[in-house]
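See below for the structure under consideration.
Every number here is computed from the coordinates shown, using simple stated rules; none is lab data. All figures in this text were calculated on a predicted structure; none of them were measured in a lab. As a convention, Cβ positions derive from the backbone with ideal geometry for all residues, glycine included, and neighbour counts pool all protein chains shown.
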Amino acid sequence: MKLRKNGVFYANGSPAEYISGCSKEEGRKKTMAFRILDAHDNHSDPDVLHITFDSLTSHDITYVGIIQTARASGMKEFPMPYVMTNCHNTLCAVGGTINEDDHQFALSAAHKYGGIFVPPCMAVIHSYNRECMSGVGRMILGSDSHTRYGALGTMGVGEGGGELAKQLVKRTYDMERPQVVLVYLTGKLRPGVGPQDVALSLVAATYESGFVKNKVMEFAGPGVANLSQDERNGIDVMTTETTCWSSIWETDAITEAYYKVHGRPQDYRRIEPLEGAYYDACIELDLSEVECMIALPMHPSYAMPIKELKADPKKYLQEAQDRSNHQLGGKVTMDLVSKIDTDGTVHIDQGVIAGCSGGIYENIMTVAEILKDSSCGNGEFRLSIYPDSMPVYQELVNNGAVSRLVGSGAVFREAFCGPCFGAGDTPANGEFSIRHSTRNFPNREGSKPGEGQIAGVALMDARSIAATARNQGVLTAGDEVLCEPVVIPAANFNAKIYEQRVYNGWGHPEPEYELRFGPNIKDWPEQPELSEDLLVKNISYITDPVTTTDELIPSGETSSFRSNPLRLAEFTLSRKDPEYVPNAKAVKELEDQRKNGTIAAELQKVIDSLNQAGIETDPSETLVGSSIYAHKPGDGSAREQAASCQRVLGGSANFAEEYATKRYRSNLINWGILPFVTAESKKLERNDWVFLKGIRTALLEDRPIQAWIIKPEGTVLPFAVELGSLEAGEREILASGCLINYYKH
């Protein structure tokens, strides 16, 4: 793989440094990404995109909050198709009735506002959208970070719920035009190498450097034709882990066949880069050189060839173990080295193939071929397989794949995203799990380090997981058992499965239909507007290189409470900083007292210190809130609750050296949390106060920000902070206190 930082033109089907007579400005307009974005822009501003999407999608962790936000903002009906799937809180086991209560709420909302409701176990979110909602040239906005349909010619964008709420009240998605990176594919995958291997290679090469951060990855080149549609989909959905903003692929006869099989030939057209297209950077990837990969705990970018790991397992498992234990902060100890058997092989305890990346048809068919006439064994190792949709499930039953898999000792389950976010097939404490899913962040396997539980998860392709299962838990690469390509029969698609169970109310809202509320579904608490001055107490200080949204608000069983903002907020930073919630509540109490005319002793001391330093402070005009510092927060999920939970506890600001993703920063903005960046993070400590004088005016008029740190002993230090690039609407949202307030105004 070769990363070219300098821009390239696309000439005669390959990258070139220069084309006579072609300018960069005109060349940028010839990319696939530019043309699709241009078709969805309202062209009201030459420098900023204002996008309206073709459809929206959410699952049952996020749709209640989005609809509640949109209702509070004046929504009367869904202005575009809105797909609500039920693939996360599917088990309906944790929390009593509340998961199924959410499902019933969504069904009633589909009736009332004209939405599309996909019942539990029918399909995982991205598979349904691939099968039924994609279309070449379309754009889909989803409240899940893996909203990626680029391999079908559809630009998918994963964002927090606030951005979907904007679309539901007929506002636009606003951003500066993103840079576009060419991913130029050549060659052909070797037998045993699969889409996850390609994806992990890309993540490993680009994540740490931010090579494609907040950019569009545009896939083209002769290697595209050597990938099946399932392989393309499997690679594409994992582009999220590079931190790119979106993706798009050139389409061809293989893509056309996919649309025909799914009964939507009208949604296909040919799209490719035009001659002279210009890209801001380029990745050249020869598919024939891709190895079978393994991403060691606890990030997809910690990927390496399996054969290298097997050559020196002590070295690489020790490195991964040390890195993980540093990240876990001493709460619990991960032991990977003990998984090395006396003969030098690496022992695996569990395998899982699931979700939008792993549970696709060709993956499971290949697994069935590898495991045919073999056994997973009756020892510690076990294998679970989750298909990505019910039509795929039916096809696997019809062609005998399920029978072969179950006969080998594998457990075959329903369409469910659970193992991907920590709500299914949780290993035992200390076990090592290999998974073809999207992430291996801490807690994504369901353990609770704060309670002394830990399990290691490595990401691998389904082919290598099957090879390991065939060897009853001994780590084995897919190319060690497959010497010839597996011939896979073409899949049929039975549309009647969805026609008989999915409720499609698009275009037919029923305004008089009553929403169905369960006892756990609560309205968003009211939030204050930003005052002229702001005083925040920094109650958490996180120095990890990256802080994921899973650490800000855990996934897994906490997902059951995501329709209840205050209840869910009790879990904020619970696995990273257990003192955060009580400390946030204590600061919120100071603000409640201030609003009632009482200045507590702690607050008065801060005000006195500022006044003594000659910094005029008026408590009646100064909102008091809490803040956190994290070096680089926001990698991972699009879930808005990573911001809203902080907000409902009185959070008013975040400080960081940078934000890991655009979607997390957007979540902060939509919830009225000021997303400060600073190069002076070493000045700030836990329990310091930060005073931001004239912040409302500085925000709205784009002026320099005046800020000071007040130490517990009373020392006052100047503090350099900035808010970075903000659109006019984002400034108004922050000044209003949150998106809901903004729309009320």
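A simple charge model with +1 on the Cβ of Lys and Arg, -1 on the Cβ of Asp and Glu and nothing else charged puts the dipole of the chain at about 400 debye relative to its Cα centre.
Applying a threshold of 29 Å to the alpha-carbon distances of K166/K213; K5/K632; K213/K682; K76/K496; K331/K632; K76/K576 flags K76/K496; K76/K576 as lying beyond it. Candidate cross-link partners of K595 among the lysines, defined by an alpha-carbon separation under 27 Å and a same-chain spacing of 8 or more, comprise K522, K537, K585, K605, K693, K711, K744.
Put +1 on the Cβ of each Lys and Arg and -1 on the Cβ of each Asp and Glu in the range 234-311; which of V237, I248, L285 then has its Cα farthest toward the positive end of the dipole? My answer, from the dipole projection, is V237. For the range 240-250, putting each phi into the Karplus relation 6.51 cos²θ - 1.76 cosθ + 1.60 with θ = phi - 60° gives couplings of 3, 6, 7, 6, 5, 7, 7, 8, 7, 10, 5 Hz, in residue order, rounded to whole numbers and with x for Gly and Pro. Here V181, V83 are placed in order of increasing Cβ neighbour count within 10 Å, fewest first, which gives V83, V181. In sequence order, the range 421-429 has phi-based couplings of 10, x, 10, x, 6, 5, x, 6, 4 Hz under the Karplus curve 6.51 cos²θ - 1.76 cosθ + 1.60, θ = phi - 60°, and Gly or Pro positions carry x.
Taking the Cα centre of the range 98-255 as origin and assigning +1 to Lys and Arg Cβ atoms and -1 to Asp and Glu Cβ atoms, the resulting dipole is close to 380 debye. Each peptide in 390-401, 307-318 gets a packing score, the mean of other Cβ atoms within 10 Å over its residues, and the list from highest to lowest is 390-401, 307-318.
Counting beta carbons within 10 Å around each of T678, T558, T622, T543 and listing the fewest first gives the order T543, T678, T622, T558. Counting neighbouring beta carbons within 10 Å and listing from fewest to most, the residues D702, D236, D47 come out as D47, D702, D236. How high is the relative contact order of the range 58-105, in percent, counting Cα pairs under 8 Å that sit 6 or more residues apart? Answer for the range 58-105 is 48 percent. Looking at the chain, the DSSP beta bridges with both ends there are about 40 percent antiparallel. Near the amide H of L383, within less than 5 Å, lie the amide hydrogens of G351, V411, all on another chain or at least 5 residues away, with H placed in the peptide plane. When you count the other C-beta atoms within 10 angstrom of each residue and take the mean per peptide, 240-253, 431-444 line up highest first as 431-444, 240-253. The base-10 log of I(q)/I(0) for the range 464-560, evaluated at q = 0.25 Å⁻¹, reads -1.24 [Debye formula, identical scatterers on Cα atoms, solvent excluded]. Taking 0.36 nm per residue of separation and subtracting the Cα-Cα distance, full extension of the segment from E680 to E621 would add 18.6 nm. Note that the range 331-346 has calculated 3J(HN,Hα) couplings of 5, 7, 10, 8, 10, 9, 4, 5, 7, 8, 6, 4, 8, x, 7, 9 Hz, one per residue in order, obtained from phi through the Karplus relation 6.51 cos²θ - 1.76 cosθ + 1.60 (θ = phi - 60°); glycine and proline are x.
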